[in-house]
Amino acid sequence: MNQLIQELRWRGMIQDIMPGTEEQLNKEITSAYIGFDPTADSLHIGSLVPILLLVHLQKAGHKPYALVGGATGMVGDPSGKSEERNMLSEEVLAKNVAGVKAQLEKFLDFDPAKPNAAVMVNNFDWFKNISFLDFIRDAGKHITVNYMMAKDSVKKRLEGDNGMSFTEFTYQLVQGYDFYWLYKNRNCKLQMGGSDQWGNIVTGTELIRRKDGGEAFAFTCPLIKKADGTKFGKSEQGNIWLDAGKTSPFHFYQFWLNASDVDAENWIRIFTFLEETDINDIIAAHRENAAARGLQKKLAEAVTVFVHGRAEYDKAVETTAKLFAAQNASAEDLSEDDLNNMEGILKIDYPAAKIREGIDIISLLAETAVFASKGEARKMVAGGGVSLNRIKVEGLDATVTNKDLLQDKYLLLQKGKRNYYLVKIV
């Protein structure tokens, strides 16, 4: 139990920590929570760090609470935002909350027979019966406007062009009340979160102190960034989601497999449960033979198995081998089973009549929605970024006919280095 903070420190998962937090965790089984924002019906890989914090907490013998913000989701957290976001309806929020709950249940142990069983809570359950007057009387009077305006998240918005609505201004007090409610009703003494949440979290500890004379604790983890400055968790397809229906296990695996050496060295500590000595050995071996990409392969394996399971990982590896291991091999070597069983690549039906008559490559790329427009397709083909059946398309006037079909019914299109599409002629 007393190794939790030490473990998180060497992994690079602690940024700010309130004095006394480590001592509290060493003293007794401690209930701790993290809030998840239900802005979508799936979490994405940016949510993996808070999920992993809860998993580490439970592994160390403590009791994790996952709070899904059904109430705070209606308000919108201004932290790190330059503009106020759109409000979600109760129906959309309910759908999103259910999706997030289902995902969290995959990673945490909710067995009620265990003393440190994970618990899921929704702050809408306690806010729905609190009137505005009750709230400003029972919570608002304990936190001054001066205190709230001193927070960086508030300062930045007030100094910006768009200002800040009263709704968003109250967010830190609403989140602070979550901590107070969990402290009072569930003996929850610790809140964790991303470093952008520090101001909101500390408001909770302050509300507990002023309103109840109690002592609560907090720590945050750094926000994950990529070494090249691009946003973590984004790919050409958009967000990398934890839901296999939104991001296939193949594309999920590819995200981690294509990490830079610098990012992979950081991420293997944060996103896996491998021991420190094992990680150091993997990094040392990688530095001796970086071309083998052993570090990235181990990272991609560990995270894909954690999120999607061993079977989906195996399928992702198999598809990767078929698509990338023999880049110079003829696509004609791929059997119909090979083509049909490629898990995770986008499969598109296309009318046989158009291929019989012959269609220019630009029209094909636009009509199959590989590109959003013919203009975008022309630009990519001209730059050498499109391949048909593993052969680079050399001219804008190339025509696709029946003779190009694999196994008499397929076309394998490639956009850029990593995006494949299987077109089936129907």
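The values are calculated or read from the model by the stated rules, or taken from the named source; none is laboratory data. Since the model is a prediction, treat every value here as computed from it, not as a measurement. Note: ideal-geometry Cβ built from the backbone for every residue, glycine included; neighbour counts use all protein chains shown. We work out accessible area using only protein heavy atoms, side chains counted, and drop any ligands, DNA or RNA first. Shrake-Rupley method; radii C 1.70, N 1.55, O 1.52, S 1.80 Å.
Assorted remarks:
- Matching residues, segment 1-10, being touching a residue at least 60 places away in the same chain (Cβ under 8 Å), under 24 Å from Val303 (Cα atoms) and surrounded by fewer than 21 Cβ atoms within 10 Å (Cβ to Cβ): Ile5, Trp10
- Hits in segment 101-123 - residues which are surrounded by 14 or more Cβ atoms within 10 Å (Cβ to Cβ), in a helix (DSSP H, G or I) and modelled with pLDDT of 90 or more: Gln103, Leu104, Phe107
- Tally, over segment 20-34, of residues that are within 16 Å of Gln3 (Cβ to Cβ), hydrophobic (A, V, I, L, M, F, W, C) and open to solvent by less than 60 Å² (accessible area, probe 1.4 Å): 2
- Number of positions in segment 265-293 that are in contact (Cβ under 8 Å) with a residue 24 or more places away in the chain and closer than 20 Å to Arg9 by Cβ: 11
- Looking across segment 124-134 at every residue that is closer than 15 Å to Leu93 by Cβ and surrounded by 14 or more Cβ atoms within 10 Å (Cβ to Cβ), the one that is farthest from the chain's Cα centre (by Cα) is identified as Phe127.
- Test: residue in segment 340-350 that is within 26 Å of Ala311 (Cβ to Cβ), out of contact with any Leu (no Cβ under 6 Å at 6 or more places or on another chain), open to solvent by 10 Å² or more (accessible area, probe 1.4 Å) and assigned to a helix (DSSP H, G or I): yes
- No other residue among Val317, Val370, Val303 is touching a residue at least 40 places away in the same chain (Cβ under 8 Å), among the hydrophobic types (A, V, I, L, M, F, W, C), within 29 Å of Gly233 (Cα to Cα) and open to solvent by 40 Å² or more (accessible area, probe 1.4 Å) apart from Val317.
- Which numbered condition Leu93 misses (of (1) touching an Asp or Glu at 6+ places or on another chain (Cβ under 9 Å); (2) modelled with pLDDT under 90): (1)
- In segment 21-36 there is no residue that is more than 15 Å from Ser195 (Cβ to Cβ), among the hydrophobic types (A, V, I, L, M, F, W, C) and in contact with an Asp or Glu (Cβ under 9 Å, 6 or more places away or on another chain).
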